[in-house]
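*Asks:* Attaching a single structure in structure tokens format; questions to follow.
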Amino acid sequence: MNELDILKKLISIDSQCTKSNTEIVQYIASLFPSENVKITPIQKDGYNIYNLEIKFEGKKSDKPLIFSGHTDTVQITNKWNRNPLNPSVEDDKLYGLGSSDMKAGLACMIAAALEITEKPKQDIWFLFDADEELNCDGGKEFLQRLDVPSKQAKIIIGEPTAGQLEIGQKGCLELKVKIQGKAFHSTKT
């Protein structure tokens with residue numbers, strides 16, 4: 001299974017921010033051994049949303065590498081001229097609800113996690129949170145529950161930012177990141 005196949009499956013799952021993200025969490029969790037998976041329910045407006053944590057225990061736990069992304073999308077509007085839950089490729093571009101924000105990031109996280117076959121040097125966490133598009137309830141739950149040595153953790157948030165590195169998020173965690181490489185982005189603005 002490659003990143004594009006994973007991304008198409010993620011797009012086909014309706015995970016709008018006004019609904020439960022049960023189906024997308026169950027799909028992602030099904031790709032990993034159960035001993036690596038933790039699902040945490042969060043009560044919201046009469047239904048449950050879910051945070052998903054995939055953890056690979058390393059030889060050390062003092063400097064975890066954390067990948068973070070959200071499972072919800074914005075709501076479907078009447079401005080779509082195609083089915084937003086049926087991913088389609090035209091002119092080397094993939095169209096579908098959440099294809100950029102943020103299911104492409106999730107697909108990359110999942111593909112990277114599926115490549116882990118040996119015990120890593122440090123713990124590696126993949127955090128898939130709920131409700132980023134509205135209240136950030138999933139991110140808040142992770143911050144309250146997880147014991148992260150924040151000054152030592154390396155955290156990568158796969159949220160698209162118009163090709164710019166940004167410091168900040170709807171939360172209370174600030175990071176300093178050093179990156180080398182060539183800048184590019186998956187969408188045009």
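*Asks:* For the chain, what is the mean residue ellipticity at 222 nm derived from helices alone (per DSSP H run of n ≥ 4: -39500 (n - 2.57); sum divided by total residues; nearest 500 deg cm²/dmol)? Intermediate values should be presented prior to the final figure.
*Replies:* Working: 4 runs with 39 residues, N = 189.
Theoretical 222 nm ellipticity from helices: -6000 deg cm²/dmol.
*Asks:* Next up: Provide the gained length on full extension for the span K59 to E23, in nm with one decimal, where the gain is 0.36 nm per separating residue minus the Cα-Cα distance.
*Replies:* On the way: separation 36, 0.36 × 36 = 12.96 nm, distance 3.26 nm.
Fully extending the segment from K59 to E23 adds 9.7 nm.
*Asks:* Where both residues lie in the chain, what percent of DSSP beta bridges are antiparallel, nearest 5?
*Replies:* Details: 16 of 28 bridges.
So the antiparallel bridges amount to about 55 percent of the total.
*Asks:* Under a crude label model (7 Å from the Cα following the beta-carbon direction), how far is Y47 from K178 in nanometres?
*Replies:* Roughly 4.6 nm, to one decimal.
*Asks:* Here's a follow-up. Sort 16-28, 129-141 for me by packing, meaning the mean count of neighbouring Cβ atoms within 10 Å per residue, highest on top.
*Replies:* Numbers: 16-28: 18.8, 129-141: 21.2.
Packing proxy ranking, top to bottom: 129-141, 16-28.
*Asks:* In addition: Which order do the peptides 121-127, 70-76 take when ranked by the mean count of other beta-carbon atoms within 10 Å per residue, highest first?
*Replies:* Numbers: 121-127: 19.4, 70-76: 21.3.
Packing order, densest peptide first, comes out as 70-76, 121-127.
*Asks:* At 0.36 nm per residue, minus the direct Cα-Cα distance, what do V74 and D137 gain on full extension? Give it in nm, one decimal, please.
*Replies:* Numbers: separation 63, 0.36 × 63 = 22.68 nm, distance 1.51 nm.
Once the chain is fully extended between V74 and D137, it gains 21.2 nm.
*Asks:* Another question, then. Here is the link list: K38/K176; K8/K140; K154/K176; K119/K154; K119/K176; K59/K176. Which ones come out longer than 21 Å on Cα distance?
*Replies:* Values: K38/K176 28 Å; K8/K140 28 Å; K154/K176 9 Å; K119/K154 18 Å; K119/K176 27 Å; K59/K176 25 Å.
Beyond 21 Å between Cα atoms: K38/K176; K8/K140; K119/K176; K59/K176.
*Asks:* Mean separation of Cα pairs under 8 Å and 6+ residues apart, divided by the residue count of segment 11-53: what relative contact order is that in percent?
*Replies:* 36 percent
*Asks:* Oh, and also: If each residue of separation counts as 0.36 nm, what is the full-extension length gain between L114 and K38 once their alpha-carbon separation is subtracted?
*Replies:* Using 0.36 nm per residue and subtracting the Cα-Cα distance, I get 25.7 nm.
*Asks:* How far apart, in nanometres, would the label points at E90 and K154 be if each is projected 7 angstrom from Cα along the Cα-to-Cβ direction?
*Replies:* 4.1 nm
*Asks:* Extent of the chain along each principal axis, from alpha carbon coordinates, in Å, largest to smallest?
*Replies:* That gives 50, 45, 32 Å along the principal axes, largest extent first.
*Asks:* Among residues other than S99 whose Cβ falls under 10 Å from its Cβ, what is the net charge (Lys/Arg +1, Asp/Glu -1)? Each step should come with its number before you reach the end.
*Replies:* On the way: positive: K8, K93, K103; negative: D101.
After counting each charged neighbour, the total is +2.
Bear in mind these aren't lab numbers, they're just calculated from the coordinates by the rules spelled out. In this text, all values refer to a predicted model and were calculated from it rather than measured experimentally. All Cβ positions, glycine included, derive from the backbone under ideal geometry; neighbour counts span all protein chains shown.
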